[in-house]
Amino acid sequence: MKPKLKKTLLTLIPITIGIGLIWYFLAQLSPQDKQDILNSLKSANYWWVALSLTCGILSHFSRAYRWQFLLDPLGYKPKFANSMMTVLMAYLVNLAIPRAGDVARGTAISKYENIPFEKAIGTIIAERIADVILLLSIIGVAFISQAELIKGYLFKDGISSTLISLVILGVMCILGFVGYKLIQKAQTGFFAKVKAFVNGLLEGAVSIFSMQKKWAFIFHTIFIWFMYVMMFYTATFAIPETTNLPFEAIIVGFVAGGLSMALTNGGLGSYPVAVAAVFILYGVEENPAKAFGWLMWTAQTVMIIVFGGLSFLLLPLYNRSKN
């Protein structure tokens, strides 16, 4: 397949899937369902949504500040305003072209701070490694903590949650051991790519502990993901039916929403469906659960469009005034 065609397909397919999911979602709703969802959105407490978005902005500020710890050892001290605006701009680019945001971010910081592009990209990759480790940890917590839910849906009531946890842990260990052996022996193909990816994760993790300000970097990494979770959690108070959800539901809903963003651009169509599906499992009525999914996705997307768009406009103006 030609590179240009492949690039076009990788851009259009997620958008097409997202639009298809939206069409399917709307097609399944009766007029009464649509009215109920609309009523939930109208009656939502948007002060909680504002607090949720504040958590999101704080995470972006922290991400921009954390970037300094990776650039400083290389001899570069970019202005915080440039770091912040390029981070926000990257999120906006990702809405249009998946995974293109990091390239745009590296290009912009290279242009305005005279940092070599390859070095900028290297630091961004190191950031992503730290983020992947945190995300995998959260997914692991969500998976293990759901022994009761798995028990209720897949097993008889007589089987204890402790046994289910042990079975899950055992299966994970077996799969991990088999996967490790396959990856260890791989020289070419899919498993070789996985091997290179895992080695990159390990090298990145080790390099974090050897950096000068490693504890500050680790603190900001944890803070960023804590703010992501809080952004999701505080928004649940906006709709009465989602106010009293247990911690497990919050974590699983957060993970489901996060993973859905890999399916379509910025979770277009997939984010509301994934989050609603989780909340319905935890006893939330279907229409309020769907209303929350759309409320959360819309709020995040509007935030990215507004602040990312402003960053696009202000970056050249800010740097023109500094020259």
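The values are calculated or read from the model by the stated rules, or taken from the named source; none is laboratory data. Keep in mind that this is a model prediction, so the values were computed, not measured. Accessible surface is based on the protein model in full, side chains and every heavy atom, while ligands, DNA and RNA are left aside. Shrake-Rupley method; radii C 1.70, N 1.55, O 1.52, S 1.80 Å.
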Residue-wise HN-Hα coupling along the stretch 65-71, computed from phi with Karplus coefficients 6.51, -1.76, 1.60 (Hz; x: Gly, Pro): 5, 4, 4, 4, 5, 8, 7
The stretch 254-318: Rg to Rh, with Rh as the Kirkwood radius over Cα pairs: 1.15
Per-residue ³J(HN,Hα) for the stretch 289-295, Karplus 6.51 cos²θ - 1.76 cosθ + 1.60, θ = phi - 60°, Hz, x for Gly and Pro: 5, 5, 4, 5, x, 6, 4
Mean accessible surface per residue for the stretch 235-323, computed with a 1.4 Å probe while every protein chain stays in place, in Å²: 42
